[in-house]
Amino acid sequence: MATLERRLAEFAHDLRTDQVPLEAQRVVQRMVMAVLGTGIAGAAEDGVLALLDLLREAGGAPQATTLIYGHKLPAAAAAQFNATLCRALDFCDAMAPGPHIGAALFPAALAAAELQGGCSGDTFMAALVAGAEISARLNLSESQYDGFDPTGIAVVFSATAAASRILGLTVEQTHQALALAFNRCGGSFQSHVDGSLGVRIVQGWVAQAGVQCAQMAQRGITGPSHFLSGHYGYGHLYGRGTLDLAGVLEGLGQEWRLHRVVFKKYPSCGVTQGVTELTLQLMQSQGVRAEDVSAAEVRLPPYAHRLVGHAFRVGANPRVDAQFSAAYCVSNALVRGASRLQHFAPVQVNDAQVQALAHRIQVVADPALDARGHTAVDLSLTTHAGRVLRQSLDIAPGFPGAELTDAQHLARFEDCLAYAPHPPSRKQVDVLLGQLPYLQQVRDITELVQCLMTT
């Protein structure tokens, strides 16, 4: 009988798009749309151009293209840059309790397609679906991650699986590529808590590793074959001995866990989506405004609180500080009546009115909320007149059970275009949006690169 590891490799190697339900393909299409919108919008964010300069300085074979700017770099370097770009605004897809799959999966797959000299849309879609499904199945619980960055731990496998498929690796080579990827797992949520650019840099490393692991395996370099089930494998090190390894593969190819992918309604951390939604709901239903509020309390599950519950402060990277602050998200929504990409730009984050209100918002860890789910939140606003307005929510918008509509997905994308420093032409946008629903029918996926270069 094939090992668990071998079965994952076979899945990545053999999956055909005609085996994938249309709704699962639709999730991946929306993932690509979210990633590309975020990448277009994030072209001038902190660290992006500095990384591009560094990678161009290093040089190497001109194998793949950097999005927006159109420079040619080695495939792994192009994947690294594009993934960093696509995570720079943190508005890409996600999954509870934290992995961002698409922003590494798509750049790694695109770089591999260019390295290969082209790739049919059908193969590209199969690679994306296989990669997304593998990471969805290797996604861990909050207690298992316990501070590890889920993107750095689980998503390296999706990037590697997709690159392996597109580069035409054998089943055995794919197995070894995934085994090598296991040794590239890493990253900490401390990057988020400290408001550092490490959040987006980890995303880039994951995509880079995916391409490199596939290239190494293609050349005969091997990894630990029992990377899941071995004594020191994934189940032990990251699953902390509590991961149901048989359950990872249960129903593989029949039950699609990529349906758990989240598409954020608001451009901030996933666990701030609920409290932002509640704030805007109270404003609409109760007519409350920022000037009416004397104080507020946000109650979050402990895992979410550790990520976004610290006192709001502005450090070297204001956007990251704001994105990972529940207090800022509430204050921003109250002051501006919305939550848009422009509201997380440094000049907006440093607004005196928003900061003053944020410092009057208390964020509390409440273990009782764990029973209600990952995104459970209670919000209470106290007015100067003494009214206390309360609202609760268990499933945040964009999460399974509260999915965004097609119109909301398009609104997300248009918000990205409106914020972009180098937006594509309307013709480029129309071509891109016209192709996305039929991605698997595109003759050569690398042709889409022209829609993604604007400078």
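The values are calculated or read from the model by the stated rules, or taken from the named source; none is laboratory data. These numbers come from a predicted model, not from an experiment. Glycine gets a Cβ as well: all are built from the backbone with ideal geometry, and neighbour counts include every protein chain shown. Just the protein is used for accessible areas: all its heavy atoms, side chains included, with ligands, DNA and RNA removed. Shrake-Rupley method; radii C 1.70, N 1.55, O 1.52, S 1.80 Å.
If the condition is being of a type in the set (A, V, I, L, M) and out of contact with any Asp or Glu (no Cβ under 6 Å at 6 or more places or on another chain), then the range 212-230 contributes A214, M216, A217, I221.
Given the criteria open to solvent by 40 Å² or more (accessible area, probe 1.4 Å), charged (D, E, K, R) and under 19 Å from K264 (Cα atoms), does D415 qualify?
Taking the combined requirement at face value, the residue does not satisfy it.
Return yes or no: is V364 open to solvent by 20 Å² or more (accessible area, probe 1.4 Å) and more than 29 Å from the chain's Cα centre (by Cα)?
Here the answer is no, as V364 does not meet what is asked.
Would a scan of the range 6-28 turn up a residue that is over 20 Å from M453 (Cα atoms), at pLDDT 95 or above, among the small types (G, A, S) and out of contact with any Leu (no Cβ under 8 Å at 6 or more places or on another chain)? Scanning the range 6-28, I find no residue that is over 20 Å from M453 (Cα atoms), at pLDDT 95 or above, among the small types (G, A, S) and out of contact with any Leu (no Cβ under 8 Å at 6 or more places or on another chain), so the answer is no.
Show me the helices (runs of 4 or more DSSP H) entirely contained within the range 309-367 in which 1 or more residues are more than 23 Å from S191 (Cβ to Cβ) and out of contact with any Cys (no Cβ under 9 Å at 6 or more places or on another chain). Write out each step before concluding.
Values: elements: 318-323, 326-336, 346-349, 352-358.
Passing ranges, in order: 326-336, 346-349, 352-358.
Which members of the range 110-159 meet the condition of being within 20 Å of G187 (Cα to Cα) and either among the basic types (K, R) or not in a helix (DSSP H, G or I) (or both)? Correct list: R137, N139, L140, S141, D146, G147, F148, D149.
One line per residue, one yes/no per condition, for (1) open to solvent by 20 Å² or more (accessible area, probe 1.4 Å); (2) at pLDDT 95 or above; (3) not hydroxyl-bearing (S, T, Y):
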{"position": "Q273", "(1), (2), (3)": "no, yes, yes"}
{"position": "L278", "(1), (2), (3)": "no, yes, yes"}
{"position": "Q284", "(1), (2), (3)": "yes, yes, yes"}
{"position": "A296", "(1), (2), (3)": "no, yes, yes"}
{"position": "L300", "(1), (2), (3)": "no, yes, yes"}
{"position": "V308", "(1), (2), (3)": "no, yes, yes"}
{"position": "V330", "(1), (2), (3)": "no, yes, yes"}
{"position": "V335", "(1), (2), (3)": "yes, yes, yes"}
{"position": "S339", "(1), (2), (3)": "no, yes, no"}
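Residues of the range 141-163 that are farther than 18 Å from N82 by Cα and out of contact with any Gly (no Cβ under 6 Å at 6 or more places or on another chain): S141, E142, S143, Y145, D146, G147, F148, I153, A154. For the residues A385, A402, the requirement of being aliphatic (A, V, I, L, M), in contact (Cβ under 8 Å) with a residue 40 or more places away in the chain and not in a helix (DSSP H, G or I) singles out A385. The criterion of at least 2 residues that are of a type in the set (S, T, N, Q), open to solvent by less than 10 Å² (accessible area, probe 1.4 Å) and farther than 21 Å from Y438 by Cα is met by the following helices (runs of 4 or more DSSP H) wholly inside the range 1-102: 75-87. Beta carbons closer than 7 Å, at least 6 apart along the sequence or on distinct chains, pair a first residue in the range 115-138 that is at positive phi and open to solvent by 10 Å² or more (accessible area, probe 1.4 Å) with a second that is of a type outside the set (S, T, Y) and not in a helix (DSSP H, G or I) for G118/D444.
Considering each residue of the range 437-455, count those that are in contact (Cβ under 8 Å) with a residue 60 or more places away in the chain and surrounded by fewer than 16 Cβ atoms within 10 Å (Cβ to Cβ), and give that number. Selection size over the range 437-455: 6. Would a scan of the range 389-398 turn up a residue that is at pLDDT 95 or above and in a helix (DSSP H, G or I)? Looking through the range 389-398, none of the residues is at pLDDT 95 or above and in a helix (DSSP H, G or I). Counting the residues of the range 208-258 that are open to solvent by less than 50 Å² (accessible area, probe 1.4 Å) and of a type in the set (D, E, K, R) gives 1. Of all residues in the range 174-198, how many are open to solvent by 10 Å² or more (accessible area, probe 1.4 Å), in a helix (DSSP H, G or I) and not small (G, A, S)? Going through the range 174-198 one residue at a time, the tally reaches 6. Can you tell me which residues in the range 160-173 are part of a helix (DSSP H, G or I) and either surrounded by fewer than 24 Cβ atoms within 10 Å (Cβ to Cβ) or without any contact (Cβ under 8 Å) to a residue 24 or more places away in the chain (or both)? Across the range 160-173, the qualifying residues are V171, E172, Q173. Check whether at least one residue in the range 256-270 is assigned to a helix (DSSP H, G or I), within 24 Å of the chain's Cα centre (by Cα) and more than 30 Å from H226 (Cα to Cα), and report yes or no. Yes: the range 256-270 contains one or more residues that are assigned to a helix (DSSP H, G or I), within 24 Å of the chain's Cα centre (by Cα) and more than 30 Å from H226 (Cα to Cα).
Taking the range 259-271 as the range and being touching a Leu at 6+ places or on another chain (Cβ under 6 Å) and open to solvent by less than 10 Å² (accessible area, probe 1.4 Å) as the test, only P267 passes.
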